[in-house]
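Engineer: Sharing a structure below in structure tokens format, with a few things to ask.
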Amino acid sequence: MRILLDTHMLLWALAEPERIPEDVREELISPANDVLFSAASIWEIAIKAQIGRLPLSMPLEAIAEAALASGFRELPIQALHAAAVYRLPLHHRDPFDRILVAQAITEPAHLYTVDRVLSQYSELVVMVRKL
């Protein structure tokens, strides 16, 4: 199975895995699954850190390196992904979440998130309960 982590899930998987239910953690480390993180998540972290909404404990490059070292694969933003945003209803206005949904639909991959609003977009959106 292909799994795309939203930004919260990426940060939790790397820095606070105890916040993720054990069954989901097992899916993330299973060699049977292809776990992806989007360049959009690194971009979102950069923007939120710059405006003071998210404290950074390490350089952004280190976050991406840690994700790769964890066995996750980077999913670049492609023009096809960006174009797919146009077809999405306006359930959610956050541009980072919208590109993640578009990437999940286009690839396809299951988007693991804690954001309930995103589940309106596709059966590919998987709600992960917060611990």
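Engineer: Would you check the accessible area of residue 106, probe 1.4 Å, heavy atoms only, in square angstrom rounded to 10?
Structural biologist: So the heavy atoms of residue 106 present about 40 Å² to solvent.
Engineer: Per residue, how much accessible area does the chain have with a 1.4 Å probe, in Å²? Kindly include the intermediate steps, with their values, before the conclusion.
Structural biologist: Working: 7230 Å² over 131 residues.
Using a 1.4 Å probe on heavy atoms only, each residue of the chain averages 55 Å².
Engineer: I'd like the distance separating the alpha-carbon centroids of the range 22-47 and the range 72-124, in whole Å.
Structural biologist: What the calculation gives is 14 Å, centre to centre.
Engineer: Mind ranking 107, 22, 123 by accessible surface for me, highest first, 1.4 Å probe?
Structural biologist: 123, 22, 107
Engineer: Now a separate question. Kindly report, to the nearest 10 Å², the accessible surface of residue 70 as traced by a 1.4 Å probe over protein heavy atoms only.
Structural biologist: Approximately 60 Å² of residue 70 is accessible to the 1.4 Å probe.
Engineer: Same structure again: I'd like the carbon and sulfur percentage of the solvent accessible area for the chain, probe radius 1.4 Å, heavy atoms only, ligands and nucleic acids excluded.
Structural biologist: Details: 4070 of 7230 Å².
C and S fraction of accessible area: 56 percent.
Engineer: While we're looking at this one, here's another question. Which order do you get for 42, 51 if you rank them by accessible area with a 1.4 Å probe, largest at the top? Mind dumping the intermediate values first?
Structural biologist: Numbers: 42 35, 51 105 Å².
If we order 42, 51 from most to least accessible, we get 51, 42.
Engineer: Got a sec? Charge dipole of the chain, +1 on Cβ for Lys and Arg, -1 for Asp and Glu; which of 90, 114, 28 is way out at the positive end?
Structural biologist: So the residue we want is 90.
Engineer: If I compute Cα Rg over 2.2 N^0.38 Å from the structure I just sent, which labelled value in (i) 1.60; (ii) 1.04; (iii) 0.99 lines up?
Structural biologist: (iii)
Engineer: From Cα pairs below 8 angstrom and at least 6 apart in sequence, can you work out the relative contact order of the range 44-131, rounded to a whole percent? Let's see the in-between values first.
Structural biologist: Details: 73 pairs, mean separation 16.4, N = 88.
For the range 44-131, the relative contact order is 19 percent.
Engineer: Sticking with this structure for a sec: With Cβ to Cβ distances under 15 Å as the rule, what net charge do the other residues near residue 42 carry (K, R +1; D, E -1)?
Structural biologist: Values: positive: 48, 73; negative: 6, 44, 61, 65, 74, 97.
Its environment carries a net charge of -4.
Engineer: How do 110, 92 rank by accessible surface area computed with a 1.4 Å probe, from largest to smallest?
Structural biologist: On the way: 110 55, 92 30 Å².
Greatest to least solvent exposure: 110, 92.
The values are calculated or read from the model by the stated rules, or taken from the named source; none is laboratory data. These figures come from a predicted structure and were not determined experimentally. Note that we place each Cβ from the backbone using ideal geometry, even for glycine, and neighbour counts take in every protein chain shown. Note: areas computed on protein heavy atoms with side chains; ligands, DNA, RNA excluded. Shrake-Rupley method; radii C 1.70, N 1.55, O 1.52, S 1.80 Å.
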